[in-house]
Structures are given as structure tokens and as C-alpha cells.
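First up is the structure itself, then whatever we jot down about it.
The values are calculated or read from the model by the stated rules, or taken from the named source; none is laboratory data. This is a predicted model, so every value here is computed, not measured. A quick note on method: Cβ atoms are made from the backbone with ideal geometry, for glycine too, and the neighbour counts reach across all protein chains shown. Accessible surface areas use protein heavy atoms only, side chains included; no ligands, DNA or RNA. Shrake-Rupley method; radii C 1.70, N 1.55, O 1.52, S 1.80 Å.
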Amino acid sequence: MEEKKGGFRLSYLVLILVVVLLLCFLFIDTSNPGTRVELSDVDAFISGTYNDEATGDRNLQMSELYYYDGTGYILVSGSPNADSFPTNSDYYFEYSSSNDINRIIEKIDAANADNTGVEGATIISYDTNRPSDNWFLSFLPTLLIIIFGFVMVWVLYRMMSNSNKGALGFGKTRAKAYATTKVRFSDIAGADEEKAELEEIVEFLKNPKKFTDLGARIPKGILLVGNPGTGKTLLARAVAGESNVPFISISGSDFVEMFVGVGASRVRDLFDQAKKNKPCIVFIDEIDAVGRQRGAGLGGGNDEREQTLNQLLVEMDGFEPNEGIIVLAATNRSDVLDPALMRPGRFDRQIYVNVPDVKGREGILRIHARNKPLDESVDFKTLARLTTGFTGADIENMLNEAAILAARANRPTIHMKDITEGINKVLMGPQKKSRLVTEKDRKITAYHESGHAILGKLLENCDNVQEVSIIPRGMAGGYTMQRPDEDESHLFYSKIVDDIAMCMGGRIAEELVFGDISTGASSDIQHASKLAHKMVFDWGMSKNLGFMSLSSQQEIFVGRDYQMKNDFSEKLAAQADEEVKEILAQNYARAKKILSANRDKLDEMTKLLLERETIYTDEVNMIMEGKSAEEIVKVMEKKEKAQKEKERKIRQKQLAQKMLDDYRIKVEEGKKLMENGIITMEEYAGIVKEYEEYVAKLESDSKKAEKAQKSEPVEKEEASKQNEPALEEKKPKRVRASKTTDKTTKEKKDEGDK
């Protein structure tokens, strides 16, 4: 294979060289026009009285004149350039108009008339359309035809000999062979059970005798099933990397072409290539493109995809054994695969690669953050809870977006807010700060999101509020982001009704404050209605209908969503609809009562949002503790100031380290220069002295920083002692406020349950 590539590159090199040489012949001018003379000197050449002061030649007589495009070329009598004229001439002049050259021709004609019949006189000839003596220009048309024919023959030869793209190579596989891969199981997190299943395959490839002695055979095929982005292809590459065997990769769509029989031929060629490199792993990505169930196509048994599938079935478990070849395949549509492909002997195992849980997401975060400088504020456990439902690909993309945001803000490290912004960007799109929003709309959005956030904090079973923002993002004018404490496989009745009530917080806040409602709650209404509908129709959570499912439907039309036949009466459907309406009404009243009792917190959070636009868990908690918006703004500004100071110190430290490295390089280079005698010992000593002085300065600055850091806790302790009486006075008020809030919330919950 390497020889073919080398020959292919050599042919390209030869062709380019030939073209360059031809262009050189075409565009490089090798002619010699001679010495330039003035237009007024031409009369002397005609009369034979021109004297060349540079060469000392006297009484030069013109014998030939060639003029073209503003330039005239003169050949004198007895010139050695007679055979190559006008390419090479003795003298040349320039004229600006046809009148000038016509005047010269008239004088030449007059001189020729006078010299006619005179013995020894020179008859001057002149021409303007004399053919060129350049042999290349005359041969150029024939040469172009030869080059064109050569290129056509060469292209046809490459088409016939190229195994991948040639006209006669359609039946060859397009699989890419990798000798080894660098991916290992240690590079994968969040798929412990999947890795354990595949480790057996690795052990089988490394030590097959251990299994064959017990009568076990190596699995012929393993099917990786899972959602997009869960790491199916990565697991396959890790198997090849751990087992250190050749890895042949191909996509399911690469088998099928417009020509009949190409897919089956490529399958045969793929397994022939695998037999030459066994033991090896053949990986077919998106196998559902070629392995769909037979009999569903319009072509019947002659369908190209079915022929390809038939050949794949034969190669995996046919008459000829394929020992030492393991077929790994990946798909997210295992339900459409042919049953013959799924039976034991072909795909012996099906490994479901699930979306990672909270522990798996934390491991994936740590793997993708290994080469990224993270701030101390980054908490992987919190991020793992924030990224519920994220796949490995989503997490990698989210961290990449966070790194881009940190670089855009010229920060030396990635902060927690960069990562949370990356999460929001992946889920909802980038912020649209440039969108023109009126002050009234900002106020409506602030009250709307504050209503959601306050209910999310006061309702017992709602997830914790992570972020509240009134900055437009995607299709939303603002958003309230929640963080689940853990992944939940089951939803309880109490949590569902609390989620429904929280969805109503935005609409209720608008009604309480403005006495009117807006269209901003459309998505909230849809989500709440969907939950209530599922409670009654799917989950059997209706108080009147009880333990009963109304979601079983029989399809009577292929359109699936166009016509459905229900298994229950219209009367029962009407009762179910009333139940849905009752659930929504009860939770609306419950949420409205809670928000009405906490109107002061609603106003303060709105003030804070209008001031800062985005707040996080700490600020929401301070609002719920009874702090004012002005106090929280001061705390936020203090945090930002401390963070900027921290970033400044990090930049200084990085700059100092860079300068230290530069000094070290300078010392090493100076030593080499001194050894080679380029600089003196004194000059090298000066370089070393600069380095030592800089190191001493760094040590001095470090000691000062440590001393200042030790004095800070003492100052804080003294300040806290001075403020202790004030804190003792405020403390009972805060305790009473929190107790009242808790009691009110509990009473509301009990009343709602009743």
C-alpha cells in the first residue's frame, strides 16, 4: 500500500515539473533587442552615417527594419544577428504614433529609389508581420494536444487502478484500517458495567487458551446499543487499544451504492481484509443503515440493502468459519434490525450503553477537565447534579464551551460560572444581551422568574434553584434553572404536584403585581398540563378514577398520530379531563396562596434581578433569609472584587513563572556561548547574577505575601468581635422570620393536600 502511495505522489511530481518547464519556455524572454537609440537617430541609419560612440563603429548602415507595437528593431549591414533577426537585433527605437513610422518608411522608400541600380548600394527592407523564429511558439499547439492526451490517459489509468474510487473498484471496501489505537478503558468513565463486559473480549484476544481449554468460544459479534453521544464508538476503540490488535472501521452507509451488488461485494472484501489481519476487530458504525429488517423495502428480495444484509449474515456465521474476527457494531435503533442479525452466533451479546448517572458524569467531567486549568470554585459533584441527562459528548461540548467563554473574558482559569453558562448554552443556546428589551418587559420577566424561584424554594419537593436570569436566551425571555440533588428513577405524587405548582409561579406573580396576565407563561402552561394529563391517563394518580390507565390505544391507521381508537368510553374520557382540570386548579390556588404570603420576597428578588440580571443559589438563599436587594448587591460586588484580585494574583504568578523560565533558558544558553568562546566569563557571570537577583526577588515577594495572608485572619477576627453585638441583635429576628416562613409553608402544604 505504501508503494502505491509513493508512485502516486511521484507521478504528480513529474507532471508538475513538466508544466513548470513548459511555462518557463513560454514566458521567459531570451531575445536581445540591442542598444536603444532615439527616434531622431533613425535618419542617420537610413543614410548610413550613424556613428556609435560606445563601440566606436562609424557610418553604420541600416539593412533591415522590423517594427511592431510601438517598437522598431534595426539590423545593420554585416551584423552577426542576421540569421536570428528580429529576435536578436543591433539597435531598437520606440515610436508613439503611426505618423512617425510612416515618415520613416517614406524615407526608406526614397533611399531605396535613389540606390536602385547603384552598384554596392544597400537596399533597406522593412516588415511588420514577419513570422517569429521562436520554435516553441510554433510547436505549442501540437505540444498542448500531446499534454492533453497524456493527462487523459493518466486519469483513466488512475480510475482503473484506484481500489477505492476507481470505476472498476466499486466492490472494494472503504474500511479504514488502524494498526493500533491509543484509547484505553481508563479514558472512559460512566460506563463501568459496559467496560466489564468488553474486558472479557480483550482477555479473550490476549489469552484465548484460557477460554478454549474450558470449551468456550470467542463471541462472534457484540452489538453496542445506546443513545447518541453515550460513547459506543469510544468503547469499540478502547477494546482495540487494550487488546493491541488491528482495528478496521467502516460505516453502515459505506456498503450501499447506486450500483446493484456493490454492497455485497464490499462485505466480502471487508472480511477478506479482516482474515488477512486476524485476530482483529471489525467495527461497523450505524449498522441500522444496512441491517434493517428484510421484507420492508419496495424492492423485495432484489433490494440492494437486503443483498448486502444477506452477505453480512453469511460472513458472520456462514459455512466458512471466521475465527479470530470479532465484529463490533453500534446503533441507536436496535428495534429495526433484522432478527437473523440479532440471533446468537452472529451478535452473541447486546450491550446497552446507558446515559451516565451522577457518579458517571462526575468521572467524565474529571477526564475531560484533565487538560483544562480550573478555578478552585469548580465543584465536580455540583456539576454532575446540574448535568442530569447529559451524555459524554454533551459534557465534553459543555466544558469546551466553558473554556471558550473563559478565554473570551481573558481569565487565566475556568470558573464555575463559565461552566454553568456552558450548560445553559448547550441546553438553550447563547445569551442574547443585544436584544432590545423595554423596561416594562424586563420588569414583567423579573417578576415572572421570581415567582418560579420563590415557589421552587418554598415547595418542599421541588429541586433546588441553581440560577435565575432575565437575560433572553433562545426562545425564552428569561429562565429559572433547577439542580436536582440526585438522579431519580421514580416520581412521587407530592413531587409532581409541587412541580406543577412551581410552573404556575410566573403567571401568578404577573397576576398579583400587575393585575393582568401576559403570554409569557405559554411553555409553563404546556408543561403543567402535560404533567397533569400523565398523572390521570398514564400514572393512575387520579383520586376519582384511581388505579386505572387510559393511555392504551389501538392503531387503525398507518399515520399513527392521525387516527386513534380509545379503549374507554367518552364518559370516562370526560371524567378524566375533569380530573386534569381539577389538579391544575388546586395547585394554582395553592401556589397563589404561597406567593401572596411572600410578596415582600417577590419584590426584593425582582429588584435584585433588575439590578444584576442573573443570580445564583447563594443570592436566592439570602433573599429567602430576609436580606434586602441592596445588601445582596454589596455582597456580590465584594465577591467579584475578591475574584478579580485572585485572578490578578494568578496572572502575576504565571508571568513570574514565565520570566523565571526565560532566565533559566538564558543562563543555559549563556553557558554554551561561554564554553564556545563567544562570550567572556564576566558576561556569563552577569547573566547568572541577573537570574539570582530575580530568584531572590521572587522569594522576598512570596514571604511578604505569606505574612500578609497570616495577618488577614487576625484582622477578620477583630472585626467580627467589634460587630458581635449588632449580630446578636439581628439574629433572633432572622430565626423568627425563618420559623414563620417554615410554618406558613407547612400549613399551605397541608391545606393543599387536604
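Would you be able to say whether some residue in region 286-302 is open to solvent by 10 Å² or more (accessible area, probe 1.4 Å), part of a helix (DSSP H, G or I), modelled with pLDDT of 80 or more and of a type outside the set (S, T, Y)?
yes
Determine, yes or no, whether I556 is under 30 Å from I470 (Cα atoms) and either modelled with pLDDT under 90 or among the β-branched types (V, I, T) (or both).
It is false that I556 is under 30 Å from I470 (Cα atoms) and either modelled with pLDDT under 90 or among the β-branched types (V, I, T) (or both).
Please work out which residue is nearest to I364 (Cα to Cα), limiting yourself to region 190-199 and to residues that are in contact (Cβ under 8 Å) with a residue 24 or more places away in the chain and open to solvent by 20 Å² or more (accessible area, probe 1.4 Å).
G190
Determine if region 84-91 includes at least one residue that is in contact with a Gly (Cβ under 6 Å, 6 or more places away or on another chain) and acidic (D, E).
yes
Pick from E631, E611, E640: which is over 16 Å from L455 (Cβ atoms), out of contact with any helix residue (DSSP H, G or I) (no Cβ under 8 Å at 6 or more places or on another chain) and either in contact (Cβ under 8 Å) with a residue 12 or more places away in the chain or acidic (D, E) (or both)?
Sole residue among the options that is over 16 Å from L455 (Cβ atoms), out of contact with any helix residue (DSSP H, G or I) (no Cβ under 8 Å at 6 or more places or on another chain) and either in contact (Cβ under 8 Å) with a residue 12 or more places away in the chain or acidic (D, E) (or both): E640.
Quick one: would you say A585 is of a type in the set (G, A, S), loosely packed, with under 13 Cβ neighbours inside 10 Å and at negative phi?
yes
Looking at region 369-381, I want the residues that are more than 14 Å from A189 (Cβ to Cβ) and in a strand (DSSP E or B) and have a partner that is open to solvent by less than 50 Å² (accessible area, probe 1.4 Å) and not aromatic (F, W, Y) with Cβ atoms under 8 Å, at least 6 apart or on another chain. Which pairs are those?
L374/T413; L374/I414
Tell me yes or no: at least one residue of region 389-399 is in a helix (DSSP H, G or I), open to solvent by 60 Å² or more (accessible area, probe 1.4 Å) and among the charged types (D, E, K, R).
Yes - at least one qualifying residue is present in region 389-399.
If you go through region 54-74 one residue at a time, do you hit one that is touching a residue at least 24 places away in the same chain (Cβ under 8 Å), charged (D, E, K, R), part of a loop (DSSP other than H, G, I, E, B) and closer than 24 Å to G120 by Cβ?
no
List, please: which pairs have Cβ atoms under 6 Å, are six or more places apart or on different chains, and start with a residue in region 421-434 that is open to solvent by 80 Å² or more (accessible area, probe 1.4 Å) and end with one that is modelled with pLDDT under 75 and among the hydrophobic types (A, V, I, L, M, F, W, C)?
So the pair list comes out empty.
Which of the residues that make up region 455-486 are part of a loop (DSSP other than H, G, I, E, B) and among the small types (G, A, S)?
Once the filter is applied, which keeps residues that are part of a loop (DSSP other than H, G, I, E, B) and among the small types (G, A, S), region 455-486 yields G474, G477, G478.
In this structure, does S469 turn out to be of a type outside the set (K, R) and either open to solvent by 20 Å² or more (accessible area, probe 1.4 Å) or more than 21 Å from M605 (Cβ to Cβ) (or both)?
It is false that S469 is of a type outside the set (K, R) and either open to solvent by 20 Å² or more (accessible area, probe 1.4 Å) or more than 21 Å from M605 (Cβ to Cβ) (or both).
Among the listed residues E693, E747, E729, which satisfies the condition of being farther than 30 Å from G456 by Cβ, assigned to a helix (DSSP H, G or I), of a type outside the set (G, A, S) and modelled with pLDDT under 75?
When all the criteria are applied, what remains is E729.
Looking at region 327-347, is at least one residue under 23 Å from P412 (Cβ atoms), part of a loop (DSSP other than H, G, I, E, B) and open to solvent by less than 60 Å² (accessible area, probe 1.4 Å)?
Checked against the condition, which is being under 23 Å from P412 (Cβ atoms), part of a loop (DSSP other than H, G, I, E, B) and open to solvent by less than 60 Å² (accessible area, probe 1.4 Å), region 327-347 yields no hits at all.
What about V426, is it more than 18 Å from L609 (Cβ to Cβ), outside any loop (DSSP other than H, G, I, E, B) and among the hydrophobic types (A, V, I, L, M, F, W, C)?
Spelling it out, V426 is indeed more than 18 Å from L609 (Cβ to Cβ), outside any loop (DSSP other than H, G, I, E, B) and among the hydrophobic types (A, V, I, L, M, F, W, C).
Residue-by-condition table, conditions (1) touching a residue at least 40 places away in the same chain (Cβ under 8 Å); (2) out of contact with any Lys or Arg (no Cβ under 9 Å at 6 or more places or on another chain); (3) crowded, with 21+ Cβ neighbours inside 10 Å:
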| position | (1), (2), (3) |
| --- | --- |
| R483 | yes, no, no |
| E510 | yes, yes, no |
| D516 | no, yes, no |
| H527 | no, yes, no |
| D538 | no, yes, no |
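Need the failing condition index for I471 against (1) hydrophobic (A, V, I, L, M, F, W, C); (2) over 21 Å from T388 (Cα atoms); (3) modelled with pLDDT of 90 or more; (4) in contact with a strand residue (DSSP E or B) (Cβ under 8 Å, 6 or more places away or on another chain), just the number.
Single failed check for I471: (3).
Quick check on region 488-497. Is at least one of its residues over 30 Å from the mean Cα position of the chain (by Cα), touching a residue at least 12 places away in the same chain (Cβ under 8 Å) and buried (at least 18 other Cβ atoms within 10 Å of the Cβ)?
Yes, region 488-497 contains a residue that is over 30 Å from the mean Cα position of the chain (by Cα), touching a residue at least 12 places away in the same chain (Cβ under 8 Å) and buried (at least 18 other Cβ atoms within 10 Å of the Cβ).
Out of curiosity, is I364 out of contact with any Leu (no Cβ under 8 Å at 6 or more places or on another chain) and not in a loop (DSSP other than H, G, I, E, B)?
The answer is yes for I364.
H452 versus (1) part of a helix (DSSP H, G or I); (2) open to solvent by 30 Å² or more (accessible area, probe 1.4 Å); (3) modelled with pLDDT of 85 or more: which is the lone unmet condition?
If we test H452 against (1) part of a helix (DSSP H, G or I); (2) open to solvent by 30 Å² or more (accessible area, probe 1.4 Å); (3) modelled with pLDDT of 85 or more, just (2) comes out false.
State all residues of region 200-240 that are touching a strand residue (DSSP E or B) at 6+ places or on another chain (Cβ under 9 Å), over 17 Å from I364 (Cβ atoms) and β-branched (V, I, T); if no residue qualifies, say none.
I201, I218, I222, V225, V239
Within region 143-258, which helices (runs of 4 or more DSSP H) (wholly inside it) include 1 or more residues that are within 25 Å of F390 (Cα to Cα) and modelled with pLDDT of 80 or more?
Of the helices (runs of 4 or more DSSP H) lying wholly inside region 143-258, those with at least 1 residues that are within 25 Å of F390 (Cα to Cα) and modelled with pLDDT of 80 or more span 192-206, 232-243.
Results for (1) touching a Leu at 6+ places or on another chain (Cβ under 9 Å); (2) of a type in the set (G, A, S); (3) open to solvent by less than 30 Å² (accessible area, probe 1.4 Å), shown as yes or no for each residue.
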| site | (1), (2), (3) |
| --- | --- |
| R184 | no, no, no |
| I188 | yes, no, yes |
| I201 | yes, no, yes |
| L205 | no, no, yes |
| L214 | no, no, no |
| I218 | yes, no, no |
| I222 | yes, no, yes |
| N227 | no, no, no |
| L234 | no, no, no |
